[in-house]
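> My questions will all concern the structure given below.
The values are calculated or read from the model by the stated rules, or taken from the named source; none is laboratory data. Since the model is a prediction, treat every value here as computed from it, not as a measurement. Cβ placement follows ideal geometry from the backbone for every residue including glycine, while neighbour counts extend to all protein chains displayed.
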Amino acid sequence: MNTFQSIIIAIIEGLTEFLPISSTAHMSFANPLLGIDKEDDFVKLFEIVIQLAAIATVVVVYYKKFFDFKNRSFYLKLMVAVTPALFFGALLKKHIDAALGNLMVMAIVMIVGGIILLFIDKLFSNNQEEPQELSYKQSFIVGCFQVLSILFPGLSRSAATIIGGMSQKLTRKTAAEFSFFLAVPTMLAASAKSTLDVYKGNHEIFNSTNLTTLLIGGIVAFVVALFTVKFFIGFVQKKGFALFGWYRIALGTTIIILLVTKII
């Protein structure tokens with residue numbers, strides 16, 4: 001992976017991490033088009049690190065929430081919500097690795113997820129009351145929905161958790177914000193596990209050139225994601241999720257055509 005490739009992938013990550021369109025799928029689709037070897041250990045590490053960098057923007061934008069140490073229930077609810085993903089992530093690692101390597105499956109999941117998003121606003125149109133904060137039960141249920149994004153790569157962690165939140169009578173804004181919050185412990189755990197696995201398998205990967213590439217990619221992903229977070233909240237409050245649904249369907253269909261015609 002050269003510097004140009006790393007910047008492009010980092011931009012894609014920053015733009016898609018918080019949108020319900022699957023950053024993992026976008027990076028997986030972009031890799032062959034850019035000539036990047038998806039199976040390369042450094043590429044796998046790079047994608048995890050820039051995802052963590054993008055997620056870090058949540059802590060910056062919502063710093064008052066994350067550093068309000070008097071509100072212990074906030075941290076406890078995040079722990080409750082992240083537990084299902086940690087459990088099933090460890091249990092189904094082989095399945096996840098296999099699914100991540102199958103672009104056709106991811107493209108189909110993109111389309112199915114897009115169809116769901118077309119109807120999500122109407123399905124939960126009665127979600128008008130915005131609770132002051134989620135209950136522990138609601139937090140856990142949203143966490144269970146996050147597991148769906150692990151079982152079906154390409155569904156989008158953001159989409160799964162937002163749908164889960166709205167199923168619990170949360171407004172679009174509240175559901176989206178809790179999805180952001182939940183991403184922090186989820187990606188911290190995933191990044192720590194992936195970095196440790198790569199380190200055990202290949203110490204030489206952490207050389208100065210690769211570390212520089214990781215730094216550049218992390219900075220780019222962080223800056224782009226910072227603007228995306230602010231845009232997304234305002235957009236979904238006014239417009240809903242239908243546009244993202246149509247986008248997913250169009251992209252998934254395009255990828256299937258490219259795969260069938262063996263362009264990628």
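> Say we look at the range 150-183 and pick out the residues that are buried (at least 24 other Cβ atoms within 10 Å of the Cβ) and polar (S, T, N, Q); which of these is farthest from G101 (Cα to Cα)?
Per the stated criteria, the residue is S179.
> Something else: Here are the criteria: (1) at pLDDT 95 or above; (2) out of contact with any Leu (no Cβ under 6 Å at 6 or more places or on another chain); (3) over 16 Å from M27 (Cβ atoms). Tell me which single one F227 does not satisfy.
It fails just one condition, (1).
> Report yes if G201 is over 21 Å from the mean Cα position of the chain (by Cα) and touching a residue at least 40 places away in the same chain (Cβ under 8 Å), otherwise no.
Answer is yes for this residue.
> Continuing with this model, one more query. Collect the residues in the range 22-44 that are surrounded by 22 or more Cβ atoms within 10 Å (Cβ to Cβ), in contact (Cβ under 8 Å) with a residue 60 or more places away in the chain and among the aliphatic types (A, V, I, L, M), keeping them in residue-number order.
Scanning the range 22-44 gives a single hit, A25.
> Another question, if that's okay. If you go through the range 77-128, how many residues are surrounded by 15 or more Cβ atoms within 10 Å (Cβ to Cβ), basic (K, R) and closer than 18 Å to K193 by Cβ?
0
> For V142, state whether it is β-branched (V, I, T), in contact (Cβ under 8 Å) with a residue 24 or more places away in the chain and either more than 27 Å from Y75 (Cα to Cα) or part of a loop (DSSP other than H, G, I, E, B) (or both).
no
> Please enumerate the residues belonging to the range 224-238 that are crowded, with 16+ Cβ neighbours inside 10 Å and closer than 21 Å to I9 by Cα.
Matches in the range 224-238: V224, A225, L226, T228, V229, F232.
> Listed residues D37, D97, D68; which is closer than 18 Å to T3 by Cα and out of contact with any strand residue (DSSP E or B) (no Cβ under 7 Å at 6 or more places or on another chain)?
D37
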